[in-house]
2 protein chains.
Amino acid sequence: MLTSLRQYLPILSWGARYDRNALSNDLIAAVIVTIMLIPQSLAYALLAGLPPEAGIYASIVPIMLYSVFGTSRALAVGPVAVVSLLTASAVGQVADAGTAGYAVAALTLALLSGVFLLVLGLFRLGFLANFLSHPVIAGFITASGILIAASQLKHILGIQASGHTLVETLISLGEHIGDVNVITLVIGVLATGFLFWVRKGLKPLLRKAGLGPRMADVLTKAGPVAAVVATTLVAWGLGLQDRGVSIVGSVPQSLPPFTMPGLGLDLIRQLAVPAVLISIIGFVESVSVAQTLAAKKRQRIDPNQELIGLGAANIGAAFTGGYPVTGGFARSVVNFDAGAETPAAGAFTAVGLAIAAVALTPLVYYLPNATLAATIVVAVLSLVDVSILKKTWRYSRSDFAAVAATIVLTLVLGVEIGVASGVILSIVLHLYKTSQPHVAEVGLVPGTQHFRNVNRHEVHTDPTLLTLRPDESLYFVNARFLEDLITDRIARDAQVKNVVLMCSAMNDIDYSALESLEALNERLKELGIGLHLSEVKGPVMDKLKGTHFPDEMNGRVFLAQYDAWRALTDDSTVRAAE
Amino acid sequence: MLTSLRQYLPILSWGARYDRNALSNDLIAAVIVTIMLIPQSLAYALLAGLPPEAGIYASIVPIMLYSVFGTSRALAVGPVAVVSLLTASAVGQVADAGTAGYAVAALTLALLSGVFLLVLGLFRLGFLANFLSHPVIAGFITASGILIAASQLKHILGIQASGHTLVETLISLGEHIGDVNVITLVIGVLATGFLFWVRKGLKPLLRKAGLGPRMADVLTKAGPVAAVVATTLVAWGLGLQDRGVSIVGSVPQSLPPFTMPGLGLDLIRQLAVPAVLISIIGFVESVSVAQTLAAKKRQRIDPNQELIGLGAANIGAAFTGGYPVTGGFARSVVNFDAGAETPAAGAFTAVGLAIAAVALTPLVYYLPNATLAATIVVAVLSLVDVSILKKTWRYSRSDFAAVAATIVLTLVLGVEIGVASGVILSIVLHLYKTSQPHVAEVGLVPGTQHFRNVNRHEVHTDPTLLTLRPDESLYFVNARFLEDLITDRIARDAQVKNVVLMCSAMNDIDYSALESLEALNERLKELGIGLHLSEVKGPVMDKLKGTHFPDEMNGRVFLAQYDAWRALTDDSTVRAAE
């Protein structure tokens, strides 16, 4: 009972051992993360098309709920770039940005996503996330980074524009390019340049100035705060809002309010598919961050419990004015590097942000939106990694096809079609590969009991014995392939008296393949040729033993291929090979 | 050039060797098949909701075109039960039975199906048919047989009824049950009973009377003709059409007319998906019949050329008043048993049916539709085979799930959803199985160089050496599984100094799995544990050699597992095992 309660409430495990040392480490990490999160939360809300406070609210209750239910010690949950983009894309299809309906739809999306994650977790279906292959994820993240950066150009240029695909966005930007606000552009370009320099150039400088690597890292992460402070002061001092510079404006001074997601059937129907997509992509991003960080400290995370933690976080976001959240890469790494020891650090971060929501929001009134856009552009361009194209091209054409399709279709047709196509293409290519498996004809490696491909190794063979090693499980997609291949091979070679299927690479034989083997056995029996099996794995043999096939087989089942070789070739051949 | 022409025109191969003996055999087969096909063609047209002549027309030009382009010597192409049912289901959604639009839509369906088959054949995509597993096909055929039999009850009862699913059909029958025409019912029941008796009881009787087995077979197949003749005479003699018995009525006396399929974009859009389904199901049925018959005479058929042959046949049907066709089981077996030697037998059958279309159609004026329905019911009930449920249940739960889902969903939701669900479920279950593969921990079988599962065999092991044999290709769906499994195993066992992955069952390593192996290697390196590979297959090693992984590996690649064992265990253990 307690074990199962502990499984679903990891806080009971780490909470019982919580001490003063952990408290002080967690507090320090929380302060650093809070400072970093204030501008980031505002920026991601902008990206999602929501009012700035939504980003802050989405960082408070969700992270507290995750700290109760989640298994990662360092994961920081809240708004992230890719999920914000997906939110904008999904909600933009049911409501106009800036309307009350838009905010309500975002709450509904968070609720649906939370419920879906929770259900997956309770039914222990976390493995479903594995259907997103690494190349598809890498391609999707890269394309999303480009899309997000393009979507922020309007804020840096100070113009209106819209669009859910790269082409739409660029065309819309082109149409409004005449409206560019020069002051906004200057702020945007300077902020972007400064932030890039902070990322690449500041850290070596700080190290040279004698700072420790950890301190240098943390200061570098504070770059966006510096940009925010500087541009806010400039905008306030020069009264830039009167000269057409778009600023954040008034943000309510409040703790996260209680909000009610829309529960209309139509709305739910329209948002269900995007919610599933957001959940799975958010989960995959979150789990891979959590696993990377856990491995560094020899900790383990439980993917199914993570689903429950993220589900709770999203449901929390839905009722407290937020929008879909997940474990973010940047914030989690900062949290980890700053020394967070337990999920309590996340709870302290939530307290810090709650204080900021109540006390500091008036200070961002004059903050130019261009500065927020600059922080987004710099953050997401670090996600763009086209080297995956080169790496997969070298390694395997089918992985390359999956990456390329995901990138191109995400850019051209939008995020949902892009990632769905990537997943479907990965699966189809995998099935295609297994539909025409590699089948090696093998012989004995001299001086051993080991059998290898006759085309790759110097091996002994016997003209009356054909030994084939099909390098794939036999199942419906390739069931007829082997039957056809052996029938053809026998027709060309009259010397063969025995066929041995070396089953070392055969991990399953499904019912279609069983029927195909039975047909092959009948055909060989009519021709007076024996059909034997060797090295059949335990689980496969268990299945075959439940059928008539072993009895009807015109041959034997050998434990090892070497036994088959000794039994089916004549003595002189055996001696010659020894 | 000639080779490639021969590939696409198989008639050039067999035509060149055609002789008098083959001619006489083909002619005899053609006469027998023609007699059998006249009632069958009328009946299947009734099933498809088309006028009776459509069934005859669909048996003339298509079979001639197939004899030019097809590779099977015995396949008889024309209307078949399942495709007729699918036609009724697809066309019934765009037009009302009996209207001109209905017939035109059936032509369009044949054209789309023909073009699709032709394209698949030209691009050599015949392997796609393998995605229909044997259990899905068996389940679909069984459920179709039940659906078809239910749909014919209205003709036997002499009432109106409609419906595309079993429930709809039964409800509709129930609503009209008060209108039963007793004379029709008597004819229908007697004809059905007679035909069942012919199938089961007549052959033994004929054999006892001294007939040869082939002649007895052929006479048995003529049963429907006897029923047709008898009931037509009765209906004519007693003037049954005036007493409410539905009869075939006037059928035009004509050769197949030139017809133009509808080419409206809307119609094409509505029929495209059903056309793909009909093509694939028809192709699978046809190819399996053709392969079965070819194997009996040691002939080969080429599935991609079959696609071209069936494509041509369907295009022919579209322009000559027919509807979708494929190679039928019953008619092909009769053709084969009657001694057909070449596709010329099919062409002669076409001539026979053309003569019937011109000369014999007035004779079927008084034929009761109940008789045709009886021939359909008896034919399709032989397709129903629920033993597949028992067989798959015993062999494998996932195959059983695919059969059961296909049968239930076909009956409840209709043919299209049924077969699509079966295919998707088969694929998902296959992927699920490979997502959590069997991983065996192996040791040395005493006195051999062979390694097997420690849980199934008495084997030697070494506590410092952990040898795992993952029984699956490593790819994105299971990439993280192995990494997690080894990490857990190492955490529980401090003695392990070396991990060997025995790759004899690993047929591919995709990019996701490569990244996972790299992460595993890093983790083991940090723990001071070696990671080695053994028995890596040629194609997999070729891929790995193109990466940095073999260089970065904290261990070696061994040709055979026995080499790894000798290198990584100390001498005393090696000696003890010998």
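As a proxy for reagent exposure, B:TYR57, A:TYR562, A:TYR511 were ordered by neighbouring Cβ count within 10 angstrom, fewest first; the result is A:TYR562, A:TYR511, B:TYR57. Counting from the shortest, the label point at A:LEU185, 7 Å from Cα toward Cβ, is 8.8 nm from the same position in each remaining copy.
Take every DSSP beta bridge whose two residues both sit in the stretch A:439-577; close to 40 percent of them are antiparallel. Taking a ≥ b ≥ c as the square roots of the eigenvalues of the Cα gyration tensor of the stretch A:439-577, is the shape rounded (a/c under 1.5), prolate (a/b larger than b/c) or oblate? Judged from the Cα gyration tensor, the stretch A:439-577 comes out prolate (a/c at least 1.5, a/b above b/c). Using a ≥ b ≥ c from the Cα gyration tensor of the protein assembly as shown (square roots of the eigenvalues), is it rounded, prolate or oblate, where a/c under 1.5 gives rounded and otherwise the larger of a/b and b/c decides, a/b for prolate? Judged from the Cα gyration tensor, the protein assembly as shown comes out oblate (a/c at least 1.5, b/c at or above a/b). Its relative contact order, with pairs defined as Cα atoms under 8 Å and 6+ residues apart, puts chain B at 22 percent.
Checking the cross-link pairs B:LYS390/B:LYS433; A:LYS297/B:LYS497; A:LYS208/A:LYS391 against a 26 Å limit on the alpha carbon distance flags A:LYS208/A:LYS391 as lying beyond it.
DSSP beta bridges confined to the protein assembly as shown are antiparallel in about 50 percent of cases.
Enter the mean number of other protein chain beta carbons within 10 Å of the beta carbon of each residue in A:226-238, as an integer.
For this peptide, the per-residue mean of nearby foreign Cβ atoms is 0.
Quick check: from the Cα gyration tensor, does the stretch B:2-404 come out rounded (a/c under 1.5), prolate or oblate? Taking the square roots of the gyration eigenvalues as a ≥ b ≥ c, the stretch B:2-404 is rounded. For the stretch A:494-529 versus the stretch A:108-160, the inter-centroid distance based on Cα atoms is 47 Å.
Taking each DSSP H run with n ≥ 4 as -39500 (n - 2.57) and averaging over every residue of chain A yields -20000 deg cm²/dmol at 222 nm. Peptide B:520-526 has a mean shielding of 1, counted as Cβ atoms of other protein chains within 10 Å of each residue's Cβ. Taken residue by residue and averaged, Cβ atoms of other chains lying within 10 Å of the Cβ of A:389-397 number 3.
Distant-in-sequence amide contacts of A:ALA440, defined by a placed amide H-H separation under 5 Å and a gap of 5 or more residues or a different chain, comprise A:ARG469, A:ASP471. With its label point put 7 Å out from Cα toward Cβ, A:MET260 sits 6.2 nm from the same residue's point in the other copies, in order from shortest. DSSP beta bridges confined to chain A are antiparallel in about 50 percent of cases. Placing a label point 7 Å from Cα along the Cα-to-Cβ axis, A:PHE123 is separated from the same position in the other copies by 3.4 nm, shortest listed first.
Only the coordinates and a few stated rules stand behind these numbers; no lab work does. Keep in mind that what you see is a predicted model, and the values were worked out from it rather than measured. Cβ coordinates were reconstructed from backbone atoms using ideal geometry, including for glycine residues, and neighbour counts include every protein chain displayed.
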